[in-house]
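The block underneath contains the structure these notes are about, expressed in structure tokens.
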Amino acid sequence: MSRQSMAKAHQKIQELSWEPMYHQPVSQYGTDYTFQKAKKKDPLKQVLRSYFPMQEEKDHRVYGASDGAIRGNMFRQVQERWLEWQKLFLSIIPLPEISAARAMPLLFRNVPNPELHNGQAIQMIDEVRHSTIQQNLKRLYMQNYIDPAGFNSSLRDFQNDYCGTIGRQFAEGFITGDAITAASIYLTIVAETAFTNTLFVAMPAEAAANGDYLLPTVFHSVQSDESRHISNGYATLLMALSDENNHQLLERDLRYAWWNNHRVVDAAIGTFIEYGTKDRRKDRESYAEMWRRWIYDDYYRSYLVPLEKYGLVIPHDLIEEAWNQIWNKGYVHEVAQFFATGWLANYWRIDPMTDKDFEWFEYKYPGWYDRYGKWWENYNRLSVANGHNPIVFEDVDYQYPHRCWTCMVPCLVREDMVMDEVDGQVRTYCHEACRWTDKVAFRPTYQGRETPNMGQLIGSREWETLYHGWNWADVVSDMGFVRDDGNTLVAQPHLNLDPKKMWTLDHLRRCPPLASPNVLLNEMTPEERTAFHSNYVRGGPAGRYAPAEV
Amino acid sequence: MTSTLERSLPKPTFTDAEAGAKEFPDSNARTFNYYTPQKRKPSHYEDVTVEVQPDPRHYLSQGWLYGFSDGRGGYPLEWTALKAWGSDRPVPVRGPGSGGKGYDWPALGWHEFRDPNEEWELSLYRYNSNVVRQLTQNVEAARQSKAFEQWNRNWINFVERHVGAWMHVDHGLGLYVFANANRRAPTNMHNNAISVNSMHRIRSAQDLALYNLTLSEEIADFDGSAHLATWSDDPAWQGVRRTAEALTAIDDWCEAIFATNVIFEPLIGELFRSHLIQQAAPGNGDFVTPTVVGAEEYDFAERDLRYTKAMFELLTADREFADHNKSILQSWLADWVPRCLLAARTFQPLWSQPDAKPPRFEDGLDRAKTRFSRIVSDLGLTITAEELNK
Ligand SMILES: [Fe+2]
Ligand SMILES: [Fe+2]
């Protein structure tokens, strides 16, 4: 279609929306925000007559590339270190995608501008596309990559695993609770606008450097839909801003959504990019450098700050704090170390770091070796079963962390850990911002204002609770992370596929039982808890126990 | 002096990480093992669809993490009154030392549903692209051959008003019945099929709108905005409009799909498209409108009705709740059939408007009813002649 006829076509389809005369469409999702009805323009400007062929053409390219990759034996040069982490990433990501599709109707009744609904419906089907195209990529990996374990059990794994549970917030946060908090602020304003660049642009670049050019093909195709979704979100945000009553809620939701996305996405993607790569060129950007560019400059400085003049209260402090976490407090390194500590509870293999990796880390993050080097040397030493237990049970000066009740990532930056009694339970939080999210934000009142539509944090949020007192062999069997010989684990702390070098349920059976930090914490007396807390916050970095008090 | 900076590039390495390079546990386990395929081998569609939307009754050991203000998370089964086997079993309670395992997969009969159209990304874009390409070509060919010049005044009025007004039905149902319902079903198989249905309707709405635009450019006194007044003021349309709006007001997602695809579409949609437009157009020298309307007819008859039947057949044959489901579906029939028949009758004046008349309204309605009765009995439900002829 020519540009002129496109414009006319778009103009014409504006005639489609109508106001009901006899029955109002059902209202199923509440919000505490208020919206004024005002004539709006459809920000998406998408006509299906050109949309469908455009997407089909994109599909042709993606599937053409897939065929080419297989014919060209791409898997002879992919790095296993990289592809193993894709077992985690690709188990998580189809759910957030499909949840974004499901989230769109939350906006229908709450944003009373029918012109916007057309764009939301197109986003819905885009998201169906993203979900299935990603499932398809995973299927292709399962069929063609040397080790299908963990891909073949992907969705069961993801749903049972604590890492999957952390990632699930990035999906469930879109579809429940206050409709605007979920489908607009958390999903479009923060997750899509801020974090999809690291997900869908930074990560593919790293994949390519590790011999995998299919992931970039698929994810760039996904990302090419994203700018349309960002326009959807922006239109809704401007409407929300036009009502003063919403400012307080916007401030709350931006704080929660920003901090939660930082905790979850930076943990996962940071680990993939820094610890899942074999590309140690000094001039390749580190995750911190990418973050500074994509998130701090492009999102924070160029997108959020200009909205201040419309009355948006921006969480400057939390944005600076997220950077502080990444740059000064080693957030990504702490997370990667924790994943590797707990390798036995997962469903992918984690390659030890080598001298070459150490050198790169030290160059990019000065001081890295002093903090983490020793521990990774131990990880390497303990990676092949040789009469010892997995590293988590060995004496390597690593204190198993408590979990954050809110973001469910453990409280790894030890000094930031906060403890509080909420809903009759003593809980630990990785940071004050997470405590605030649970105790203050997700409540039916906020700063004295009624917020009856705000959602709740629910579920068994500490994974270890479920298996308190269990033998590890039973834990892993219960989750289903066992290979088809019925004994070898899916997860391994190395990449050696020689069956004699692989860990099995037999190795786990002789380990000490699993103990839930939160169950133990709640069994303590208040005095013991205070002592525990003041000791915990003196620990770290790199999980070290607090030095003995003198 | 010149210096060449060496470009920094990652170096490819031979890793031999392809399937079959080594033998070890799981080295040949190359199918998804977390669900049971419907047939012997998993289909491509199943692989990209099943279990993407989780269920705490079988996996999802930590349960849903975020809830609405009433504490309910995920996809509550109570969002429809219909039940699939297993629905009355409680969600496994997890707590200290409980372990994570739920019921064996599938914990609920809902997970047995498969979209017979096997819609996913690849199929949905291919199908809809073909439709829009074909339609664009048809309309363009008609434009070039000056086919619209043969239309008489009465037929021009008919198309600008009545063919035009149907776009509003499509648009409203596409957004507020189908897109809305894509949040509500307990499995990904349901919700994806429903979202594809939604896009069919929204596409059809746009097909009609853009066709209307072409006609206003091609036919001197074609009123491109007449459809708006027809939709809001023409008494013959108010029964249809009232019913369509009522469909968007349904809370129960199964009822919304059932009332729209099993009752409204056969009794009103097909009556309008197949027994009015398709029949009247040729006699009035119009060979183009039937291709536009026919695309939508095909969407419904060959695809949307097909998944709808598969979805409800499973429920009326459910090993635990067949009777429960049938009695609720019967009550929905009792509620919606009279409303749709009333709307169909209000539509009758349209049949006398073209110069060359289509077959009689009563004959068209009879045929629509016959087809509808067959759909109903295929689902294991009953509708009496008396109910149909009230
Ligand atoms: Fe997406
Ligand atoms: Fe946290």
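The values are calculated or read from the model by the stated rules, or taken from the named source; none is laboratory data. Because the structure is a prediction, the values reported are computed rather than measured. In this analysis, Cβ positions are derived from the backbone assuming ideal geometry, glycine residues included, and neighbour counts consider all displayed protein chains. Note: accessible area is taken over every heavy atom of the protein model, side chains too, but ligands, DNA and RNA are not part of it. Shrake-Rupley method; radii C 1.70, N 1.55, O 1.52, S 1.80 Å.
Rounded to the nearest 500, what is the 222 nm mean residue ellipticity of chain A from helices alone, with -39500 (n - 2.57) per DSSP H run of 4+ residues and division by all residues?
It comes out at -14500 deg cm²/dmol, rounded to the nearest 500.
Where Lys and Arg each count +1 and Asp and Glu each count -1, what net charge lies around B:H44 among other residues with Cβ under 9 Å from its Cβ? Mind dumping the intermediate values first?
Details: positive: A:R139; negative: B:E46, B:D47, B:E118.
Neighbour charge sum, excluding B:H44 itself: -2.
Relative to the first principal axis of the alpha-carbon coordinates of chain A, what is the inclination of helix A:94-103, with its axis defined by its Cα atoms, in degrees from 0 to 90 and to the nearest 10?
30 degrees
What ranking of A:V26, A:V384, B:V376 comes out by heavy-atom accessible area, probe 1.4 Å, highest first?
Ranked list, largest accessible area first: A:V384, A:V26, B:V376.
Around B:W332, what is the net charge, scoring Lys/Arg as +1 and Asp/Glu as -1 over all other residues with Cβ under 9 Å from its Cβ?
Around B:W332, the charge tally is -3.
Any chance you could check the Cα centroid distance between the range B:1-63 and the range A:373-446 for me, in angstrom?
29 Å
Could you derive backbone 3J(HN,Hα) for the range A:184-197 from the dihedral phi with the Karplus parameters 6.51, -1.76 and 1.60 (θ = phi - 60°), listing whole Hz in sequence and x where the residue is Gly or Pro?
For the range A:184-197, the Karplus curve yields 10, 6, 5, 6, 7, 6, 9, 4, 6, 6, 8, 9, 5, 5 Hz.
When Lys and Arg each count +1 and Asp and Glu each count -1, what net charge do the other residues less than 15 Å away from A:M54, Cβ to Cβ, add up to? Before the final figure, lay out each step's value.
Working: positive: A:R3, A:K45, A:R49, A:K58, A:R61, A:R129, A:R228, B:R126, B:R133, B:R203; negative: A:E56, A:E57, A:D59, A:D126, A:D225, A:E226, B:E121.
Net of charged neighbours comes to +3.
Roughly how many Å is it from the Cα centre of the range B:326-376 to that of the range A:180-203, as a whole number?
Measuring centre to centre over Cα atoms gives 47 Å.
Once Lys and Arg get +1 and Asp and Glu get -1 on their Cβ, which of A:V332, A:S224, A:Y33 lies farthest toward the positive end of the dipole of chain A?
Of the candidates, A:S224 comes out farthest on the positive side.
Rounded, prolate or oblate: which fits the range B:142-223, taking a ≥ b ≥ c as square roots of the Cα gyration tensor eigenvalues, rounded meaning a/c under 1.5, else prolate when a/b beats b/c?
Note, shape of the range B:142-223 comes out prolate.
At 0.36 nm per residue, and after removing the present C-alpha to C-alpha distance, how many nm does the segment from A:A208 to A:L520 gain when stretched out fully?
107.8 nm
Please check: in the Gaussian network model of chain B (C-alpha springs, under 10 Å), which one of B:P12, B:P76, B:P37 has the largest mean-square fluctuation.
Greatest mean-square fluctuation among the candidates belongs to B:P12.
Tell me which residues come under 5 Å, amide H to amide H, from A:Q492 once H is placed; ignore anything under 5 positions away on its chain.
Long-range HN contacts for A:Q492: A:W348, A:R349, A:I350.
Taking the Cα centre of each part, how many Å lie between the range A:236-308 and the range A:32-105?
Computed from Cα coordinates, the inter-centre distance equals 20 Å.
Counting only helical runs of four or more DSSP H residues, what would the 222 nm mean residue ellipticity of chain B come to if each run contributes -39,500 (n - 2.57) and the total is spread over all its residues?
-14500 deg cm²/dmol
Residues in the range B:6-38, backbone N under 12 Å from the label point at A:N73 (7 Å along the Cα-to-beta-carbon vector): list them, ranges by number please.
B:14-19, B:21
Under the rule a/c < 1.5 gives rounded, and otherwise a/b versus b/c splits prolate from oblate, where does chain B land using the Cα gyration tensor?
Oblate, since a/c reaches 1.5 and b/c is not below a/b.
Along the range B:221-238, what does the Karplus equation 6.51 cos²θ - 1.76 cosθ + 1.60 (θ = phi - 60°) give for ³J(HN,Hα), rounded to whole Hz, x for Gly and Pro?
10, 7, 8, x, 10, 4, 4, 5, 5, 4, 4, 9, 10, 5, x, 5, 8, 6
Given a Förster radius of 60 Å and the C-beta distance between A:R301 and B:K357 as r, what FRET efficiency does 1/(1 + (r/R0)^6) yield to the nearest 0.05?
With a Förster radius of 60 Å, E is 0.30.
Could you work out which residue, out of B:F14, B:F264, B:F312, moves most in a Gaussian network model of chain B, that is, has the largest mean-square fluctuation with Cα springs under 10 Å?
B:F14
In whole Hz, with x marking every Gly and Pro, tabulate ³J(HN,Hα) for the range A:434-449 from phi via Karplus 6.51 cos²θ - 1.76 cosθ + 1.60, θ = phi - 60°.
Here the 3J(HN,Hα) series is 6, 4, 4, 4, 6, 7, 10, 6, 8, 9, x, 9, 9, 6, x, 9 Hz.
Considering only DSSP states other than H, G, I, E and B, which GluC sites (Glu not before Pro) in the range A:127-222 qualify as loop sites with at most 12 other Cβ atoms within 10 Å?
Working: sites: A:E127, A:E172, A:E192, A:E206; in loops: none.
Here no loop site has a sparse enough neighbourhood.
Can you give me the angle between helix B:164-173 and the longest principal axis of chain B, using Cα atoms only, in degrees from 0 to 90, rounded to the nearest 10?
The two axes meet at around 30 degrees.
Could you work out the Kirkwood radius for the protein assembly as shown, taking every pair of different alpha carbons, averaging 1/r and inverting it, reported in Å?
Working: mean 1/r = 0.0339 Å⁻¹.
Evaluated over the protein assembly as shown, this radius sits at 29.5 Å.
Lys/Arg Cβ at +1, Asp/Glu Cβ at -1, dipole of chain A taken about the Cα centre: which of A:W343, A:L187, A:L508 is farthest positive-ward?
Value: A:L187.
With a ≥ b ≥ c taken as the square roots of the eigenvalues of the C-alpha gyration tensor of chain A, please select rounded if a/c is under 1.5 and otherwise prolate if a/b is larger than b/c or oblate if it is not?
oblate
Taking the Cα centre of the range B:121-388 as the origin, how large is its charge dipole in debye, to the nearest 20, when only Lys and Arg (+1) and Asp and Glu (-1) carry charge on their Cβ atoms?
260 debye
Calculate the spin-label point distance for A:R281 paired with A:H247, positioning each point 7 Å from the Cα along the beta-carbon direction, and give it in nanometres.
About 4.8 nm, to one decimal.
Going by amide H atoms built from the backbone, whose H comes under 5 Å of the H on B:G73, apart from near neighbours?
B:F68
Run the simple label-point estimate for B:R72 and B:K309 please: 7 Å along Cα→C-beta, distance reported in nm.
3.2 nm
Put A:K39, B:K41 in order of accessible area, largest first, 1.4 Å probe: what do you get?
Values: A:K39 170, B:K41 140 Å².
Heavy-atom accessible area, descending, gives A:K39, B:K41.
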